[in-house]
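S.K.: Dropping a structure here in structure tokens format, bear with me for questions.
The values are calculated or read from the model by the stated rules, or taken from the named source; none is laboratory data. None of the values given here were measured: they were computed from a predicted structure. When we count neighbours, we look across all protein chains shown, and the Cβ atoms used for this are built from the backbone with ideal geometry, even at glycine. Only protein heavy atoms, including side chains, enter the accessible area calculation; ligands, DNA and RNA are left aside. Shrake-Rupley method; radii C 1.70, N 1.55, O 1.52, S 1.80 Å.
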Amino acid sequence: MYLPRHFQAYELVPPEIFASRKDKSFELIDERVLITLDTLRDTFGPCTVNDWHWDGRFEQSGLRTADAPEFSPTSQHTFGRAMDCKFKEHPAADIRDQVIRNRLLFPYITFMEDDVDWFHFDVRNGQRIVLWSPVTQQSQLV
């Protein structure tokens, strides 16, 4: 099992999951996501997924549970295959551009959201990156 170098389990799961599973929470996150998170952090610096542990407002930006307002039974978040990252030093649009330009550095990313202030990526089955906008509901292969 891959354990990320830069993230603790409580940063990737909601509080109730962490309370019951502690570090076993990593078992619920796809290994490709964990590897990608470390690569993103190494490349772009500090980022936050969930910050509830520090009295923040984000609880469901990683693994998403059925009680979340944004829950969808088919969301990649539900299966531990998606993260919404907020980078300290780079806007999300720049991260998306760099991932597209440096595809070999991020081999597991197959989906990103566009037109949002956070960097959503996931590792769903696919050969190329799909860039999808929740604003326009349009997608494109990149």
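S.K.: Relative contact order of the range 86-142, please, whole-number percent, based on alpha carbon pairs below 8 angstrom and at least 6 residues apart.
M.R.: About 29 percent, as a whole number.
S.K.: Output the 0 to 90 degree angle, nearest 10, between the alpha-carbon long axis of helix 31-44 and the longest principal axis computed from the alpha carbons of the chain.
M.R.: Taking the Cα atoms of the chain, the angle to 31-44 is about 70 degrees.
S.K.: Also, I was wondering about something else. In the set [x] 18.6; [y] 11.4; [z] 8.2, which value of mean projected area of the Cα convex hull in nm² was calculated from the structure you see?
M.R.: [z]
S.K.: Next up: Taking R0 as 30 Å, what's the FRET efficiency between K22 and L105 from their Cβ-Cβ distance, rounded to 0.05?
M.R.: 0.45
S.K.: Give me the accessible area per residue for the range 61-111, probe 1.4 Å, as a whole number in Å².
M.R.: On a per-residue basis, the range 61-111 sits at 52 Å².
S.K.: Cut-off 10 angstrom, C-alpha nodes, Gaussian network model of the chain. Which of H53, H120, H77 fluctuates the most?
M.R.: H53
S.K.: If I stretch the segment between A68 and A93 completely, what's the gain in nm (0.36 nm per residue apart, minus their alpha carbon distance), one decimal?
M.R.: 6.4 nm
S.K.: Only Cα pairs within less than 10 Å get springs; with that Gaussian network setup on the chain, which residue of D30, D115, D97 has the largest fluctuation?
M.R.: D97
S.K.: Top mean-square fluctuation among L104, L63, L37, Gaussian network model of the chain, C-alpha springs under 10 Å?
M.R.: Among L104, L63, L37, the largest GNM mean-square fluctuation belongs to L104.
S.K.: For the range 31-140, with the dipole built from +1 on Lys and Arg beta-carbon atoms and -1 on Asp and Glu ones, taken about the Cα centre, which of F106, P73, G56 lies farthest toward the positive end?
M.R.: Checked the options; the winner is F106.
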